[in-house]
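Below you'll find the structure, written out as C-alpha cells, and then a few comments.
The values are calculated or read from the model by the stated rules, or taken from the named source; none is laboratory data. The shown structure was predicted, so the numbers you read here are calculated from the model rather than taken from an experiment. Cβ atoms come from the backbone with ideal geometry, glycine included; neighbour counts cover every protein chain shown.
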Amino acid sequence: MGSAQSVPPEMRALAERTGFTSEQIEQLHRRFKQLNHNRKTIRKEDFDTIPDLEFNPIRARIVHAFFDKRNLRKAPAGLAEEINFEDFLTIMSYFRPIEMDMDEERLESFRKEKLKFLFHMYDADYDGIITLQEYKNVLDELMSGNPHLEKESLRAIAEGAMLEAASACMARTGPDEVYEGITFEDFLKVWKGIDIETKMHVRFLTMEAIAHCY
Amino acid sequence: VGSPATEHMKMLCCLLSLLTLACPSAADYLDEPNLGSSLLPHYEHDHADAVGSSQDTRLQIFTVDYNNVQIPYEVTLWILLASLAKIGFHLYHRLPRLMPESCILIATGALVGAIIFGTDHKSPPVMNTSIYFLYLLPPIVLEEGYFMPTRPFFENLGSILWWSVLGSLLNSFGIGLSLYGICQIEAFGLTDLNLLQNLLFGSMISAVDPVAALAVFEEASVNEQLHMMIFGESLLNDGITVVLYNIFIAFTQMHRYEEIESIDILAGFARFFVVGLGGMLFGIVFGFVSALMTRFTHNVSAIEPLLVFMFSYLSYLCAEILYISGIMAMTACAVTMKKYVEENVCQNSYTTIKYFMKMLSSVSETLIFVFMGVSTVGKNHEWNWAFICFTLLFCLIWRTLSVFALFYISNKFRTYPLTFKDQLIISYSGLRGASSFSLAFLLPGKLFPRKKLFITATLVVIYFTVFIQGITIGPLVRYLDVKKTNKKESINEEIHMRLMDHLKAGIEDICGHWSHYQLRDKFKKFDNKYLKKILIREHQPKSSIVSLYKKMEIKLAIEMAENAMKISESSTASLQRCRNRRDHRLSPAEVESMRDVLAHNLYQVRQRAPSYNRHNLPSNTSEKQAQEILIRRQHSLRQSCRKGNSLPWGRPVNATSMRYLSLPQDHSGQPTRRKARHVTFTALQVGRSRSDTPKVIKAP
C-alpha cells in the first residue's frame with residue numbers, strides 16, 4: 001500500500017537493520033501512530049488503550065519488554081521511559097518469521113535473539129540469571145486463573161522446573177556448589193529441541209495475515 | 001463412569017421404554033406423508049366418523065379419543081425422547097468424546113422408526129415442503145447466523161466466500177456429472193436418470209453439516225483459520241445448496257427440458273447471484289429496521305425477544321415471496337441486528353433470545369433427525385448397489401479434489417497458506433446432515449420417479465459420514481496434531497510454551513493484527529458516528545458503573561502481580577536441600593503430576609477460535625477470566641487480612657505450609673516428595689484430601 005515511489009533513506013536504513021519490508025514498516029508506522037495518538041513516542045500508559053490486551057495474564061511483562069533496555073539494545077539494564085518508532089520496530093523485529101533464504105549462521109543468531117528476548121522476560125532484575133523467585137513470579141502470573149491452587153503447589157512446580165534445569169547442567173557445577181538459577185546457556189539447552197523460529201513469530205501484514213497458533 | 005451415572009442411565013432407559021409403550025398402536029387412517037397434504041380435513045372427518053359410530057350407546061363416563069391429539073402428541077413424544085437421549089448421552093461422559101451428538105439423534109430416530117414400523121403405525125406427517133421450509137429450517141438458519149463470531153468471519157471473508165461458493169458449485173456439478181456418467185452404463189439399470197436429475201442430486205448431496213466436525217475441533221483446539229473455514233462454509237453452504245436446488249427444480253419443471261438453451265443456463269447463473277446477493281441486502285435492511293425498533297422498547301421489555309424473532313422471520317418470508325434466498329436474508333439479518341440489539345435490550349431479554357434460539361433450532365434439528373431415522377426403517381427404499389456406492393465414492397473424491405484444488409489456488413494469495421494437514425482435515429470433515437436428507441425427501445415425486453433411490457442413497461451417505469467419519473475425525477485430528485510433538489515435554493517446556501503463547505497473543509494485539517484493519521477501522525468510525533447514534537439507546541448509568549468497576553479491578557489485579565513478592569526463606573531452604581542430593585531426579589510420576597497441574601491450571605490463552613456448538617451456548621471465557629482475576633485478588637486480600645499484613649502482597653504462605661503433616665526442616669529425603677504428592681492431589685481436585693500415609697518413594 002505504499003504510495004510513495006521513492007523510499008526515503010531513513011526507511012531504507014530501518015528496513016535493513018530490522019529486516020522488515022517497506023510495506024510492513026509503513027503498516028507498523030500507522031499502528032504506532034494509532035497507539036501514541038500522534039505524539040512522537042509511546043509510553044507505558046499508551047498500551048492501556050488496547051482492549052484485548054487486558055485479558056492477557058502476562059500483560060505487564062509484555063509491556064515491560066517493550067521498554068526493557070536490554071531488548072532495545074541500549075544498555076545492559078534498566079527501563080526506558082518512552083520509545084520511539086525505531087525502538088518499536090526493534091522490538092517487533094524479534095518476532096519476524098524466518099525467511100527461507102537465511103543461511104545457517106543467520107538462523108542461529110536469529111534464534112539466539114529470540115531466545116534472549118524470552119530470557120529477558122523471565123529475568124526481571126537484570127542479573128542474567130533466572131532465580132527461583134523470578135520463575136515463581138512468572139508461574140504465578142500464568143496460573144492466575146485458578147484461585148484454588150495453593151502457593152505451595154506453585155512453589156513445588158517452580159522448584160521442580162528448576163531441578164530439571166539443574167539436573168540438565170549438573171555436570172557443570174560441583175557437588176557443593178549452590179545452583180543459583182538458570183543462566184542463558186541453560187536456557188538455550190532447554191530450548192534445544194524446540195524450533196522456536198517457527199513458533200515465536202507473528203505475521204506482519206501483507207495480505208491476509210492471520211496468526212497460526214499451534 | 002461412576003455408579004450414579006449408570007443408575008441414571010437405567011432410569012432413563014425405563015422412562016424411554018415407558019414412553020414408547022405409551023403410544024397405542026392406533027388405527028392407520030393417516031396416509032403416508034405426501035406432498036401438499038394438509039392435516040385438518042383428514043382427522044376432522046374421521047373424528048366425525050368416530051363420534052357417529054358411538055352415538056347409540058349410553059353416555060360414556062370415560063372415553064378415550066386419541067385421534068384428536070395424535071399429531072401433536074407424537075411430535076412431542078419424539079422431541080422428548082430425543083431430549084432424554086441427549087441427557088443420557090451427556091451423562092455418560094465418555095460418549096461425547098467418542099461420537100458426535102448427531103449420532104445419538106439419528107439412533108433415537110431409528111429406534112422410533114423401528115417401533116413405528118414394528119407396530120405398523122403410520123407416522124405423523126411432520127415433513128412436507130411447506131412445513132420444512134416454513135417452520136423447520138428458519139430456526140436452524142437463524143441460530144447459525146446469530147451465533148456466528150463476526151470478527152473472524154469477516155477477517156477470513158475472502159477465503160470463505162471463495163471456498164464455499166466455488167466448493168459447493170464444484171462439488172454439485174462434479175458429483176452430478178460423474179453420477180450421470182455412471183448412469184449411462186447400461187449394466188446398472190440407471191439409464192432413466194437424466195442429466196438434470198443427477199445434477200439436482202449432486203447439489204443436494206453436497207450440502208455439508210459440519211457441526212460434528214466443529215465440536216471436535218473445539219476440543220482439539222485447532223487453529224482459528226481452519227475453524228473459521230469450516231464454520232463459514234457451513235453457514236453459506238446451506239443457502240447455496242438451496243438456491244441451486246431451486247434452480248434445478250425450476251429447470252426440471254420446464255417440461256421440455258431438452259430445449260434448455262444456453263440462455264437458460266446463463267439465466268440460471270444470473271439468478272444464482274441475484275438470489276444470493278438480493279437475500280443479503282434484504283437481510284441487512286431488516287436487520288437495521290429491527291435494531292431501530294429495539295431502541296424504543298425499554299418500557300415493554302417483554303416483547304423484545306418477540307421483535308427479534310419476528311423480524312428475522314419476516315425477512316425470511318419476504319425474501320421467499322420474491323423467490324430470493326430466504327436463508328441468506330435471515331443470516332444477514334441476524335448478523336446485522338445482533339450487535340445493536342445486544343446493546344439495546346435488557347439483560348433478561350438477551351438471555352431469553354439466546355436460549356430460545358438455541359431451543360428452537362435444537363427442536364428443529366431433532367425433529368429432522370428423528371424423522372430421518374423414522375424414514376430409514378420403512379418401505380421407502382430402493383436399493384441399487386452401483387448408484388449408492390458410487391455416490392459415496394464420488395462424495396469423498398470430489399470433496400477432496402475441490403479442497404485441494406481450491407486451496408492450492410487461494411494459498412497463492414495468502415501469506416499463511418493452509419497446510420496439507422489442514423486441507424486433509426477440511427476434506428475429511430465433510431459430514432452430511434439434516435439438510436441433505438430434507439432436500440431429498442422433498443423432491444417432487446411426479447418429476448422424480450426414482451425418488452426412493454435418491455432417498456436411500458442420501459441416507460446411506462449421511463449414515464456413513466455421520467457415524468464413521470464423525471467418530472474417526474476426533475482421533476484423526478489428534479493424531480495429526482500429536483504427530484508433531486512426539487517427545488515428552490518437560491515442565492520447563494510446558495511453562496515456556498505457555499508463556500510464549502501468551503506473548504504471541506499480546507504482540508498480535510499490540511501490533512493491531514488483523515487483515516484489512518483499515519477497512520474495519522473505517523467501518524467502526526462510520527458505525528460510531530452514525531449507526532450507533534441512530535440504532536442504540538442511551539446508556540443506562542447502571543451498566544457503565546459496573547463496567548468501570550470491572551475495569552478498575554482488573555487494573556488493580558494486574559498491578560499487584562507486577563510488584564514482585566519477597567523471597568520466602570522456606571523455598572530457598574528447600575531448594576538448597578535438594579541441591580545437596582546429587583542424584584536427585586524427579587521421578588516421571590512427579591513430572592507427570594506437575595505437568596497435569598500446569599495443564600489444568602495455566603491461564604488459558606485467549607481463545608481465538610470461535611466457540612460454536614449447535615447444541616449448547618458458548619461460555620463467555622473473557623468474562624470468566626476477568627472474574628477469576630477478581631476472585632484471586634479478593635482471595636489474597638482475605639488471606640492477608642487473616643495474617644494481619646498491612647500490604648496485600650506481603651509475605652505469603654508461611655501459613656499454608658502448616659497444613660502439611662510434616663514440616664520440611666527435619667527430614668532430608670522426604671519433603672519434596674511429599675510436596676509433589678500434595679500437588680498430585682490438588683491437581684486431581686479430590687478436595688483437600690491429604691495423603692495421610694506419606695509414602696516414601698525411593699529415588700530411582
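Some points to look at:
- Picking from residues in the range B:59-109 that are in contact (Cβ under 8 Å) with a residue 12 or more places away in the chain and not in a helix (DSSP H, G or I), the one that is surrounded by the most Cβ atoms within 10 Å (Cβ to Cβ) is B:Pro100.
- No other residue among B:Leu306, B:Leu292 is under 25 Å from the mean Cα position of the chain (by Cα), of a type in the set (A, V, I, L, M), part of a helix (DSSP H, G or I) and surrounded by fewer than 21 Cβ atoms within 10 Å (Cβ to Cβ) apart from B:Leu306.
- Filtering the range B:263-301 to residues that are within 18 Å of B:Phe356 (Cβ to Cβ) and without any contact (Cβ under 8 Å) to a residue 12 or more places away in the chain leaves only B:Val300.
- Test: residue in the range B:69-82 that is charged (D, E, K, R) and more than 30 Å from B:Thr472 (Cβ to Cβ): yes
- Residue within the range B:313-326 that is more than 19 Å from B:Ser438 (Cβ to Cβ), in contact with a helix residue (DSSP H, G or I) (Cβ under 6 Å, 6 or more places away or on another chain) and not basic (Lys, Arg) present: yes
- For the range B:172-192, the set of residues classified as in contact (Cβ under 8 Å) with a residue 40 or more places away in the chain and closer than 21 Å to B:Asp264 by Cα consists of B:Ser172, B:Gly174, listed by residue number.
- Scope the range B:478-496; condition surrounded by fewer than 21 Cβ atoms within 10 Å (Cβ to Cβ) and modelled with pLDDT of 75 or more; matching residues: B:Arg478, B:Tyr479, B:Leu480
- Residues in the range A:39-91 that are among the basic types (Lys, Arg) and within 16 Å of A:Ala124 (Cβ to Cβ): A:Lys44, A:Arg59, A:Arg61, A:Lys69, A:Arg70.
Conditions (1) outside any helix (DSSP H, G or I); (2) over 22 Å from B:Lys532 (Cα atoms); (3) without any contact (Cβ under 8 Å) to a residue 12 or more places away in the chain, marked per residue:
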| position | (1), (2), (3) |
| --- | --- |
| B:Leu314 | no, yes, no |
| B:Tyr323 | yes, yes, no |
| B:Val341 | no, no, no |
| B:Thr352 | no, yes, no |
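- Only helices (runs of 4 or more DSSP H) whose full extent lies in the range A:1-75 are considered here, and the ones with at least 1 residues that are at pLDDT 75 or above and within 11 Å of another protein chain (Cβ to nearest Cβ) are A:22-36, A:59-67.
- For B:Lys452, the test of being touching a residue at least 24 places away in the same chain (Cβ under 8 Å), touching a helix residue (DSSP H, G or I) at 6+ places or on another chain (Cβ under 8 Å) and not hydrophobic (A, V, I, L, M, F, W, C) is failed.
- Any chance A:Tyr126 is touching a Lys or Arg at 6+ places or on another chain (Cβ under 8 Å), at pLDDT 75 or above and part of a loop (DSSP other than H, G, I, E, B): yes
- The residues of the range B:173-197 include none that are within 17 Å of B:Leu431 (Cα to Cα) and at pLDDT below 90.
- Applying the condition of being modelled with pLDDT under 70 and out of contact with any Asp or Glu (no Cβ under 6 Å at 6 or more places or on another chain) to the range A:138-150 and asking which residue is farthest from the other protein chains (Cβ to nearest Cβ) yields A:His148.
- Within the range B:365-391, being part of a helix (DSSP H, G or I), surrounded by 16 or more Cβ atoms within 10 Å (Cβ to Cβ) and of a type outside the set (Val, Ile, Thr) holds for B:Glu365, B:Leu367, B:Phe369, B:Phe371, B:Met372, B:Gly373, B:Ser375, B:Phe387, B:Phe390.
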